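Data block below; observations after.
The values are calculated or read from the model by the stated rules, or taken from the named source; none is laboratory data. Since the structure is predicted, the reported quantities are computational estimates derived from the model, not experimental observations. Note that each Cβ is placed from the backbone with ideal geometry, even for glycine, and that neighbours are counted across all protein chains shown. Only protein heavy atoms, including side chains, enter the accessible area calculation; ligands, DNA and RNA are left aside. Shrake-Rupley method; radii C 1.70, N 1.55, O 1.52, S 1.80 Å.
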Amino acid sequence: MKIQKEHILDYNKSGLENHNENFDFLANKLSKKGHNVQDIVSRLADFQVAIPSWALGAGGTRFGRFSFFGEPSSLEQKIEDVGVLHSLTQTAGAVSLHIPWDIPSDYNAIKEKADALNIKFDAVNSNTFQDQKDAAETYKYGSLSNTSQAVREQAIQHNLDVIKIGDKLGSKALTVWLADGSCFPGQNNFQTAFQNTQDSLIDIYKGIPEDWKLLIEYKPYEPNFYSTVIQDWGASLMLANGCGDKAFTLVDLGHHLPNSNIEQIVSILQLKGKLGGFHFNDSKYGDDDLTVGSIKPYALFLIFNELVYGMANNPQNPDLAWMIDASHNVKDPLEDLIQSLEAIQEAYAKALLIDQAALKAAQLDNDVVKCQEILQGAYRTDVRPLLEKARLSRGGVISPIDAYRSLDVRGQLIKERGKNTVATGL
Ligand code: RM4
Ligand code: MN
Ligand code: MN
C-alpha cells in the first residue's frame, strides 16, 4: 500500500481554507511577539522521528494479545507502513530495526523500498532478553552480565552481528537495552554483574564503526523485579564513559520511577555531551509504552524545553537519535503512532516558542513567577496550525488521523494482507 500524491492533494483541498485562516491568525500573533514563524515551521518540518519496526503490529501484555487486522507480516510490509505514516505526517522519515525480529532477507530490496519511500535506517536494536531458536546458551540469568563466559560471548557476538546488519542498511548506531538483573536479593553480586557488563560492552564497542554510536539504554525494573544492572542514567553514563567517546546514554521516557525529573536528566547529560538518543512514549505507572503525550504532555514539553536549550547551547552533544518506543494494545498501531508523532511535534513547537532570553533574565532576577509565566505562556499556545504548515510544506496532509480514516488505510491494508496476519515483535 502506498499513498499517492494525488490522494494527498485531493484530501487537503477541503481543509486548506480553514488551515490558512488559522495559520495566518497564529503567525500574525507570534510575529508580533517577535517570533520567526518561518524558522519554527522549517525546524518542525526537519524534525524526523524513527518508527520502531516492532510497533507496527498490535502489542500485548503477558496476559494476552489482541491482534489487529491487516498487520504487516514481513519487514517489507513494515517499511510500507512506515511509508504510510511518513507520507501523511512527513515526520516519520526513519525506521529502527530490532534484530532478530526483523532481519532483512534481501538487503537490496529492503533498501530500495525504504529509499523509494524516503525512509532511512536509524539505530539498530539488539535483543539479548529472549532466547533465540537453536541458541547454544540461555539468557535466563542475564546476557552481557552473566557469570558464564560462554553466555557473555554469545551475547557479545549477537551485538557484533547486529552492527553488521545495520551497516549494510546505512544505520549509524547500535542501541543496547539489557533485561539483565535479578529477581531476588542475593541472587547475584551487583559488582560482578556490573563489571561483566562493562567488559562485554567494551568488547562490543570495539566493533562499533568509526562513524557510529553505541547507545546504552537504562530501565529501573522489569523483567527483573529486584535489581536491574543498568538501572538508571548514572549506571548508563558510567558504562558509556567506560567504553569511550562513541558511547552515549539513551533516555527512554518510560524507564523511570514515577515522578523522576526527566528534564533534568536530559539537561545534564547534554551538558556532559553524553545524551545519544531518546525513546518517546508515555506512562502512568511504569514502562507502560502508551501514546506519547497521552498522560503527561506538560512533562514532555518541559523535556523539550531542555532539549531545545541543549541543541542550541551544547555543541559538545551530538545530534540525537529520536525514536518512538510504544506499543498498542487497543488502538490501531498506525493511528497510535500518528498521535505520538503529533504529540512530539506539538511539544517541540511549544518549546520553540519559549523566549529563552526572557527566561534567562527572569532566572537571573530570581523572578520565579515570571519564569513560570514564560513557560506556561508557550505551553498554552495552540500550535497545531504550525504543525499543519510544516506537514504541508513537505507534501503531507493537514490532519493525519482524519486523512488516514478518510482514505480508509486500514481497510485497504486488510484487503491487501488479509485479516489474520501477525507482526513480529514482543
Ligand atoms: C524495552 C526497551 C527497548 C525496546 C524493548 C522492546 O523496554 O524500551 O528500547 O527495544 O523494550
Ligand atoms: Mn526503549
Ligand atoms: Mn521500554
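Once Rh is set to the Kirkwood radius over Cα pairs, what Stokes-Einstein translational diffusion coefficient, in µm²/s, holds for segment 1-62 at a temperature of 37 °C and a viscosity of 0.692 mPa s?
Details: Rh = 15.5 Å.
Using the Kirkwood radius from Cα pairs, D works out to 212 µm²/s.
Amide H neighbours of Gly181 under 5 Å, counting only residues 5+ apart in sequence or on other chains, H built in-plane at 1.01 Å?
Here Val229 satisfy the definition.
Using 7 Å Cα-to-Cβ label points, what is the Asp211/Leu9 separation (nm, one decimal)?
If labels sit at Asp211 and Leu9, their model points lie 3.6 nm apart.
If you count the DSSP beta bridges with both ends in segment 182-292, what percent of them are antiparallel, to the nearest 5? Walk me through the numbers on the way to the answer.
Numbers: 2 of 10 bridges.
Approximately 20 percent, going by the DSSP bridge assignments.
At a threshold of 8 angstrom on Cα-Cα distance, excluding pairs fewer than six apart, so keeping six or more, what relative contact order does segment 267-426 reach in percent? Spell out each step's value before the answer.
On the way: 164 pairs, mean separation 34.1, N = 160.
Relative contact order of segment 267-426: 21 percent.
Quick one: length gained pulling Asp39 to Lys168 fully straight, 0.36 nm per residue minus the C-alpha distance? Don't skip to the answer; put the middle values down first.
Details: separation 129, 0.36 × 129 = 46.44 nm, distance 3.51 nm.
42.9 nm is the gain from fully extending Asp39 to Lys168.
Place the peptides 160-173, 7-20, 371-384 in order of packing, highest mean first, counting for every residue the other Cβ atoms within 10 Å and averaging per peptide. Don't jump to the answer; show the numbers that get you there.
Working: 160-173: 18.6, 7-20: 14.3, 371-384: 16.1.
Top of the packing list down: 160-173, 371-384, 7-20.
Give me the aspartates and glutamates in straight-line cross-link reach of Lys29: C-alpha distance below 16 Å, same-chain residues under 8 apart excluded.
Counting by Cα, and skipping residues close in sequence, Lys29 has these aspartates and glutamates nearby: Glu21, Asp39, Asp355, Asp382.
For the pairs Lys32/Lys370; Lys113/Lys274; Lys206/Lys274; Lys350/Lys370; Lys140/Lys284, flag any whose C-alpha to C-alpha distance is greater than 24 Å.
Values: Lys32/Lys370 20 Å; Lys113/Lys274 33 Å; Lys206/Lys274 18 Å; Lys350/Lys370 17 Å; Lys140/Lys284 29 Å.
In this structure, Lys113/Lys274; Lys140/Lys284 exceed 24 Å between Cα atoms.
In whole angstrom, note down how far apart the Cα centers of segment 53-131 and segment 354-426 are.
21 Å
Pull up all non-local amide H partners of Ala94: gap of 5 or more, or a different chain, and H-to-H distance under 5 Å with H placed in the peptide plane.
It is Val49, Ile51, Lys120, by chain and number.
Between Ala358 and Ile103, what length comes free when the chain is fully extended (0.36 nm per residue of separation minus the Cα-Cα distance, one decimal in nm)?
Working: separation 255, 0.36 × 255 = 91.80 nm, distance 4.98 nm.
Between Ala358 and Ile103, full extension yields 86.8 nm more.
In Å², and per residue, what accessible area does segment 267-426 have when probed at 1.4 Å with the other protein chains present?
Details: 7100 Å² over 160 residues.
With all protein chains present, segment 267-426 gives 44 Å² per residue.
Hey, which aspartates and glutamates would be in cross-link range of Lys419, C-alpha to C-alpha under 18 Å, not counting anything within fewer than 8 residues on its own chain?
Qualifying aspartates and glutamates at Cα under 18 Å: Glu71, Glu76, Glu80, Asp81, Asp332, Glu335, Asp408.
Multiply the residue gap between Thr192 and Gln316 by 0.36 nm, knock off their C-alpha separation, and tell me the result in nm, one decimal place. Working shown, then result.
Working: separation 124, 0.36 × 124 = 44.64 nm, distance 3.24 nm.
Contour length minus the Cα-Cα distance gives 41.4 nm.
Out of the total accessible area of segment 35-179 (probe 1.4 Å, heavy atoms of protein only), what percent is carbon and sulfur?
Values: 2890 of 6000 Å².
The nonpolar share, carbon plus sulfur, comes to 48 percent.
What Kirkwood radius, in Å to one decimal, follows from the Cα pairs of segment 91-218? Present the calculation step by step, with values, prior to reporting the outcome.
Numbers: mean 1/r = 0.0645 Å⁻¹.
About 15.5 Å, per the Kirkwood formula over Cα pairs.
Using the Cα atoms of segment 38-105, I'd like the radius of gyration and the largest Cα-Cα distance, Dmax, both in angstrom.
14.5, 48
For Lys213, go through the aspartates and glutamates and keep the ones whose alpha-carbon is under 13 Å away, minus same-chain ones fewer than eight residues off.
The reachable aspartates and glutamates, counting only those whose Cα sits under 13 Å from Lys213, are Asp122, Asp167, Asp245, Asp319.
Per the helix-only calculation at 222 nm, which mean residue ellipticity applies to the chain, given -39500 (n - 2.57) for every DSSP H run of n ≥ 4 and division by its residues, nearest 500 deg cm²/dmol? Numbers along the way, then the final one.
Values: 16 runs with 203 residues, N = 426.
-15000 deg cm²/dmol, from helical runs alone.
Leaving out ligands and nucleic acids, and using a 1.4 Å probe, what accessible area per residue does segment 1-67 come to in Å²?
Working: 4190 Å² over 67 residues.
That works out to 63 Å² for each residue.
On the protein heavy atoms, probe 1.4 angstrom, tell me the percent of accessible surface of segment 222-361 carried by carbon and sulfur. Walk me through the numbers before you get to the answer.
Working: 2810 of 5350 Å².
C and S atoms contribute 53 percent here.
Stokes-Einstein at 4 °C, 1.567 mPa s, Kirkwood radius from Cα pairs: D for segment 270-426 in µm² s⁻¹? Present the calculation step by step, with values, prior to reporting the outcome.
On the way: Rh = 17.9 Å.
The diffusion coefficient I find is 73 µm²/s.
I need the Kirkwood Rh of the chain: take the reciprocal of the average 1/r across all distinct C-alpha pairs and report it in angstrom.
So the Kirkwood estimate lands at 22.5 Å.
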